[in-house]
Structure formats: structure tokens, C-alpha cells
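Values quoted throughout were computed directly from the atomic coordinates according to the rules given, and no laboratory measurement underlies them. Because the structure is predicted, anything quoted here is derived from the model rather than measured. Because the Cβ atoms are built from the backbone with ideal geometry, glycine has one as well, and the counts that use them run over all protein chains shown.
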Amino acid sequence: MTTTDSSTTPRAPKGKRRIGDVVFGNTARGSGILILAILAGVAAFLIIQSFDALSANTANFLTTTEWDANTDADEEPAFGVAALAFGTVLAAALALVIATPIAVGIALFIAYYAPRRLASLLGYIVDLLAAIPSVVYGLWGIGYLVQELTPFYQWLSDYLGWIPLFAGPISTTGRTMMSAGIVLAVMILPIITAISRDVFLQVPRGHREAALALGATRWEMIRMAVLPFGRPGVIGGAMLGLGRALGETMAVAMILSPALIISPHLLQSGNQTIAAHIALQYPEATGHGVSALIAAGLVLFAITLVVNMAARYVVARRKEFSE
Amino acid sequence: MTTTTNKPSTGAPGDGPDIADRSLLTGSLPRYFAPALLAGVAAVVAGLLFVSGSFGLPLFAIGTVVAYTVLITLASARVENGRKAKDRLVTTVVYTCFGLAMVPLLSLLWTVLSMGIERLDGYFLSVSMSGVTPTMDAGGVYHAIVGTIAITLFASLISIPIGLMTAIYLVEYGRGRLKKAITFFVDVMTGIPSIVAGLFVVALWMMFFGPGNTNGAAGAVALSVLMIPVVVRSSEEMLQLVPTQLREASYALGVPKWLTIVKVVLPTAIAGITTGIMLAIARVIGETAPLVLTAGSSAVAINWDLFNGQMMSLPVFIYSQVRMGDAINYERAWAAALTLILIVMLLFFVARLVSRFFAPKLGR
């Protein structure tokens with residue numbers, strides 16, 4: 001990587017070091033190092049400030065479901081992230097399950113089905129979904145979508161209620177995990193689509209034309225040439241989407257009617273995610289409250305960090321193969 | 001080439017008539033069949049729904065798509081063959097996926113437009129919520145617009161120099177482990193949840209200014225944590241597009257490296273960099289969670305001072321109105337959402353125009 005870069009970027013002629021060069025070059029390097037420092041700072045400050053509450057906590061932070069952290073100085077706080085972590089993973093997984101197949105379909109549509117001239121415009125329209133602020137998604141979800149979805153939930157619960165996920169009685173307000181998951185799915189659709197589309201377009205022309213020349217239909221060409229080649233890209237894109245869904249705050253905070261329980265019933269109110277819990281609890285936090293919320297944020301930071309690094313690794317590996 | 005194509009017919013003459021029977025044109029549905037079938041199915045489904053008295057747009061769309069998918073697959077399986085039927089099935093599914101993505105986009109834009117337009121007028125944009133009780137039929141978003149502009153500008157002031165200089169380092173100077181580390185961690189930084197950025201600033205401010213200290217500057221710092229990686233990514237891409245020959249020509253004339261970057265590389269890439277920065281601004285201007293934690297969510301008066309007192313912003317305004325939950329609050333929230341969407345769309349649109357009209361003329 002480094003060797004190719006130094007060959008394309010020519011070195012300035014050797015000579016005496018000009019003062020301007022030294023200042024400019026060091027400023028540039030300093031900015032880069034500053035970014036590393038900021039990231040290290042994020043981790044360091046979260047750890048330092050969460051220490052206070054974690055050391056006062058009387059319950060096991062990782063296995064407790066209650067959140068009793070807003071205590072006075074003489075009381076003992078007891079809180080844990082078990083329910084929150086479960087809710088976070090459930091919401092993100094639900095969003096991923098809904099969004100990934102649709103995103104792959106859209107990526108295929110833009111890459112291989114849509115008319116050539118329209119393709120970039122259509123890609124731009126899908127990107128518009130990413131431009132809409134999350135708080136507007138939340139408003140749309142709570143102010144419009146949940147009412148529209150309630151009859152559908154009723155139907156789902158009537159016919160598929162024997163599956164625990166869809167068990168009734170359904171929430172009459174529609175402010176459920178299912179609604180939150182659907183809105184999250186819409187929000188992560190553009191990123192999965194963008195990355196899958198890029199990888200699909202990288203499929204060597206020869207592979208595709210060979211398949212078509214052998215008489216394959218378009219679907220057979222996609223199944224034999226495009227999908228095997230693009231699979232790591234789709235997985236990487238889905239994981240980036242997962243990372244975004246895990247950290248998304250507003251849509252969940254506004255839509256979900258929260259409860260700190262571990263419940264698999266998507267159509268009933270309950271569950272809560274880490275991010276939404278922080279946003280909702282922060283204004284009322286007293287005592288060890290803020291510090292405890294920072295500890296929850298640290299858990300979220302760790303989860304998203306692992307997911308994102310794994311996703312980057314998968315996508316980068318594909319890039320190495322295709323170049 | 002010719003020999004290979006001829007081989008089957010010459011090698012196995014018995015297949016001759018069979019191949020002629022299955023020529024490319026027989027046994028395939030005519031081109032107009034698919035659109036005609038779609039129109040027909042739509043008409044029939046609409047008719048049935050009207051007769052049964054349960055017409056609704058979602059039901060109509062679902063009914064049409066399902067019926068069309070089944071019919072086109074069956075028709076193709078009967079007239080063409082199994083493989084083509086599968087191909088048509090997948091084609092329908094892929095088109096449906098795209099249509100499915102358009103549903104929330106159009107529904108959201110339409111809902112925000114129709115609900116927001118009622119309250120969005122000169123009055124709403126020009127007054128604050130100062131002295132307005134939550135249920136009173138008055139008040140506007142002026143203070144939130146002020147806050148959004150102040151916080152976003154300050155965040156840009158922090159992020160653009162850092163982001164741009166880092167991109168210059170990565171493209172023009174960087175080599176070795178430091179470059180690899182920065183590239184990797186900028187990627188990691190793009191994935192930081194916005195609420196964690198907010199908590200980081202909360203922790204930072206707690207350490208330096210004591211607890212409960214919320215002001216606009218804290219919000220701006222939180223936003224710049226989210227904005228810097230986006231600026232780095234887009235600027236880096238644009239700088240890499242600058243042709244190496246331009247740099248070489250400049251060096252050949254004896255221009256120092258830093259002047260080459262400032263006078264040759266940056267002007268060439270400036271359109272793309274501007275576009276990237278505007279898109280980054282459009283991204284952070286709608287951020288809510290970090291501002292709720294750092295800039296406060298209860299300011300009602302106009303406040304231009306970033307370093308003193310809580311500061312409202314458009315996204316936080318929407319959020320806090322929804323939390324209040326009355327009909328009038330929702331009206332305000334919808335109108336503010338429309339304002340916010342218009343600002344974001346404007347940024348997007350201008351960014352596109354900039355990249356189209358001010359793109360470098362490389363003399364192709």
C-alpha cells in the first residue's frame with residue numbers, strides 16, 4: 001500500500017528544507033495525530049467518568065436488568081445493562097433482517113436491471129434516504145407510521161401469533177420493537193445498498209459476459225457470477241448497517257414505549273436500547289446517574305467498535321482480491 | 001469462434017430440426033406482455049377491492065404485485081420454460097424491492113410536507129418560544145434556527161481545518177504505520193454512535209467545567225467528532241483525483257511542496273472538497289442525540305452566545321416537542337421538521353450544483 005502511494009505521489013525535489021514546508025507538513029501530520037488523540041480521548045474519558053458509578057454499583061453491571069442509578073449520596077445504586085444490551089441487539093438484528101434482502105434487491109436493480117442512463121439518478125434517490133435526519137424519521141414513525149402499521153400487526157398476531165415473536169395481545173399504540181425495527185431498517189437501507197452496489201459493479205465483465213454467452217438468463221448470470229463475487233461486500237455492508245442501527249438513538253427513543261425487561265414479543269411494548277435509554281434518562285439523571293449512563297455508553301461504544309472494525313476488515317479484504 | 005458455434009449442429013445432425021423448432025423467437029412472451037399484464041392485473045385488483053368495499057392504497061399495491069408476480073411466472077413457465085420463468089420471477093422481485101424502498105421515502109416526504117405546511121409561515125420562522133407555554137397556540141423556531149446555525153458553523157470551524165489537513169497529510173505526506181493507523185481509525189470514527197460522541201463531550205466538560213454545564217460550544221465539539229471523519233474521507237478521495245502531472249509540473253518549476261499543495265492541488269480539487277464538506281454539514285445538521293446531552297433541550301429564548309447557557313436547535317426542538325405530546329406540539333414539530341428537511345435538501349442540492357459547475361477543467 002505504502003509503496004504504491006509513494007510512487008504515484010512524487011517527492012518534492014531534495015534541497016534545503018524551507019520553513020514553509022516544515023510548518024505545513026507538521027501541521028498536516030499534527031491534524032492526523034489529533035484525530036488519533038480524539039479517538040483515544042473518547043475511550044479514555046468514557047472509562048474515567050464511568051468509573052465513579054461502576055465502583056459504587058452494588059449489582060452486577062453486566063447481568064442486572066434494573067436501572068436504579070439516580071440515588072442520593074447515602075443510598076447505594078444498583079443498575080445493569082443486561083436488558084438494554086438485549087434490546088439494542090434485538091432492534092439492530094430486526095432492522096438487519098428486514099433491510100438486507102431489500103437492500104440487495106435494490107443494489108441488483110441499480111447495477112443490472114435499471115436502464116443505464118437512469119442508474120445513477122436512482123442511486124442518488126436511494127441516498128436521499130440517508131440524508132433525512134434521524135429525528136425526522138422518529139417524528140414520522142410516531143406521528144404517522146405506527147397508526148398505519150397497527151392493523152398489520154393485528155393481522156400478524158392473528159395468523160402468526162403462535163410464534164413467540166408475534167404473540168399478542170398487541171400494543172394498541174403501535175409503539176413497539178417491531179415499529180422501531182422497521183424504521184431502523186429504512187434508515188440503514190442506503191448504506192447496505194451503496195456498498196453492495198459498489199461491489200456488484202466491480203464484478204469482472206468477463207465473468208458476466210461468459211455466463212451470458214453460455215446462454216444463462218439474467219438471474220442465472222447474477223446467481224453464478226455476481227452473487228459469489230459480491231458476497232463479502234454484502235456481508236461487510238450489512239455489518240456497517242448493523243453498526244449504525246446499534247447506535248441509532250432518536251428513532252428508537254421517540255417510537256418505542258420502553259420497559260427494562262427482556263422480552264421477545266416484538267408486537268408488545270417493552271424492551272429498550274442503550275442509546276435511547278441514555279437520551280431519555282440523561283435530562284433526569286442525578287447522583288450517580290450521569291456516570292452510570294456513561295458506563296452504558298461505554299458498552300455501546302465497545303459493541304459498535306467491534307462490529308465496525310470487523311465490517312471494515314471484511315470489505316477491505318474484498319478490495320484486495322478484486323484489485 | 002466460428003468452429004465452436006458450428007460444432008453442435010455438425011457434430012450431432014439429429015438435433016437440427018429440434019433447434020429450428022426452438023428458435024429464439026418462438027416460445028417467448030411478446031415484449032408488450034409484461035406491461036399489459038401489469039395494467040390488467042392492477043385494473044382487476046382495483047375493481048375487486050372497490051366491489052368488496054375495502055379499497056386502500058397499501059392493499060391495492062400488495063394485491064397487484066402478488067397477483068402479477070404469480071401470473072407472469074405461470075405464463076412464462078407455460079409459454080417459455082422454467083428457467084425463463086425463474087428469471088421473470090426474480091426480475092419482478094428486484095423491481096419490487098426498489099419500489100419498496102420508495103414507499104417510506106415518498107410517504108415520509110409527503111407526510112412532513114402536508115403536516116408541516118399548515119404551520120410553517122413567516123411568523124413561525126421569526127419568533128422564539130420565549131414566554132410561550134407549551135400548549136399555547138403561538139411561538140416559533142427562530143431560536144432553534146439561530147442555535148442550529150451557530151452550533152453548525154462552530155462545528156465546521158473546528159472540523160474543516162482538522163479534516164482537510166488530515167486528508168492532505170494522508171494523500172501528500174503520509175507513509176508507513178502512521179498513515180495506516182490514521183486511515184483505519186478514521187474509518188472506525190465514522191462508526192461512532194452519535195450518542196457516544198455526546199457522552200464523550202459530557203465526560204470532557206464534567207472534568208473541566210463541572211457537572212451540568214451545557215452550552216452551544218459543547219454541542220459543536222460533539223458534532224465535530226462526528227463531522228471530522230466524513231470531511232477526511234471525502235477530501236481524501238478528491239485530493240487523490242488530482243493528476244500527478246500537475247504536481248510534477250509545479251515541482252519542475254521549482255515551487256516548494258507546500259505552495260504546490262496550496263496553489264495547485266487544492267484549487268484543482270476545491271469543487272469536490274466543497275461538495276464533500278457541504279454533505280458533511282448536511283449530515284450533522286440533523287443530529288439530535290449529542291445536542292440533547294450537551295447543548296440542553298429546554299432553551300426557549302434566542303441565544304447567540306455559544307459559551308453561555310443552553311442553546312436550542314431544530315432537531316432538538318422537534319424531539320422536545322414530541323416529548324410534550326399534545327396536538328399543538330406535534331404541529332410545531334411537523335413544521336420544524338419541514339424546515340429542517342428543506343435546509344438539508346438545499347445543502348444537498350447546492351452541493352450537487354457546486355460539483356457540477358465548478359468541477360476543475362482539466363483540459364480533456
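Summary of values
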| item | result |
| --- | --- |
| Relative exposure of B:GLU172, A:GLU220, A:GLU66, judged by other C-beta atoms within 10 Å (fewest first) | A:GLU66, A:GLU220, B:GLU172 |
| Residue of B:GLY47, B:GLY216, B:GLY163 that the Gaussian network model of chain B assigns the largest fluctuation, springs spanning Cα pairs under 10 Å | B:GLY47 |
| Most mobile listed residue (B:ASP187, B:ASP87, B:ASP137) in chain B, GNM with C-alpha springs under 10 Å | B:ASP87 |
| Value of [θ]222 nm, deg cm²/dmol, for the protein assembly as shown, DSSP H segments ≥ 4, -39500 (n - 2.57) each, nearest 500 | -23500 deg cm²/dmol |
| Selected from A:THR100, B:MET206, B:ASN329, residue furthest toward positive end of dipole (the protein assembly as shown; charges at beta carbon) | A:THR100 |
| Rounded tilt (10° steps) of B:33-52 against the dominant C-alpha axis of chain B | 70 |
| For the range B:83-152, the spread of Cα positions along each principal axis, largest first, Å | 70, 28, 19 |
| Value of relative contact order over chain A, rounded to a whole percent, pairs C-alpha under 8 Å and six or more apart | 26 |
| Calculated FRET efficiency for the pair A:GLN147/A:ARG116, C-beta based, R₀ 35 Å, to 0.05 | 0.30 |
| Rounded to 10°, Cα long-axis angle of helix B:314-324 versus longest principal axis of chain B | 90 |
| Distance (nanometres) between label positions extended 7 Å along Cα→Cβ at A:THR172 and B:LEU346 | 4.3 |
| Helix axis angle, B:2-11 relative to chain B longest principal axis, alpha carbon, degrees | 40 |
| Spread of Cα-to-Cα distances over 20 Å intervals beginning at zero, given as percent, for the protein assembly as shown | 16, 46, 30, 8, 1 |
| Shape call, the range A:137-262: gyration tensor on alpha carbons, a/c limit 1.5 | prolate |
| Under-5 Å amide H pairs with A:PHE79, H placed in peptide plane, nonlocal only | A:THR58, A:ALA59, A:ASP68 |
| For the range B:142-357, alpha-carbon Rg relative to the globular expectation (2.2 N^0.38 Å, N residues) | 1.16 |
| Size of charge dipole - chain A - debye, nearest 20, with Cβ of Lys, Arg +1 and Asp, Glu -1, no other charges | 2260 |
| Cα-based equivalent ellipsoid, the range B:126-227: semi-axes from gyration tensor eigenvalues, Å | 36, 16, 11 |
| Which of A:ILE163, B:VAL79, B:SER107, positive extreme of dipole for the protein assembly as shown (C-beta unit charges) | B:VAL79 |
| Per-selection metrics, chain A (Cα): Rg and Dmax in Å | 24.3, 81 |
| Computed magnitude of the charge dipole of chain B (debye, nearest 20; Cβ of K, R +1, Cβ of D, E -1) | 1180 |
| Sparse-neighbour loop sites [chymotrypsin sites (Phe, Trp or Tyr not before Pro); the range B:22-131; at most 11 other C-beta within 10 Å; DSSP] | B:TYR32 |
| Within a Gaussian network of chain A (alpha carbon springs, distance under 10 Å), most fluctuating of A:ALA210, A:ALA83, A:ALA99 | A:ALA210 |
| Rounded FRET efficiency, nearest 0.05, which uses the C-beta distance separating B:VAL79 from A:ILE47 and R0 of 60 Å | 0.35 |
| Shape call, the range B:27-116: gyration tensor on alpha carbons, a/c limit 1.5 | oblate |
| Relative contact order (percent, whole number), chain B, Cα cutoff 8 Å, 6+ residue spacing | 20 |
| Residue order, fewest to most beta carbons within 10 Å, for A:LEU128, A:LEU298, A:LEU139 | A:LEU128, A:LEU298, A:LEU139 |
| Calculated FRET efficiency for the pair B:LYS263/A:ALA93, C-beta based, R₀ 60 Å, to 0.05 | 0.70 |
| Kyte-Doolittle mean at least 1.6, axial Cα span of 27 Å or more - DSSP H helices of chain A | A:82-108, A:177-201 |
| In chain B, lysine pairs with alpha-carbon atoms under 25 angstrom apart (chain gap of 8 or more, or interchain) | 5 |
| Assigned charges on the beta-carbon of Lys, Arg, Asp, Glu; the protein assembly as shown dipole about Cα centre (debye) | 3400 |
| Surface/4 of the Cα convex hull for chain B, nm² | 31.5 |
| Fewest-first ranking of A:TYR153, B:TYR169, using other Cβ atoms within 10 Å as the exposure measure | A:TYR153, B:TYR169 |
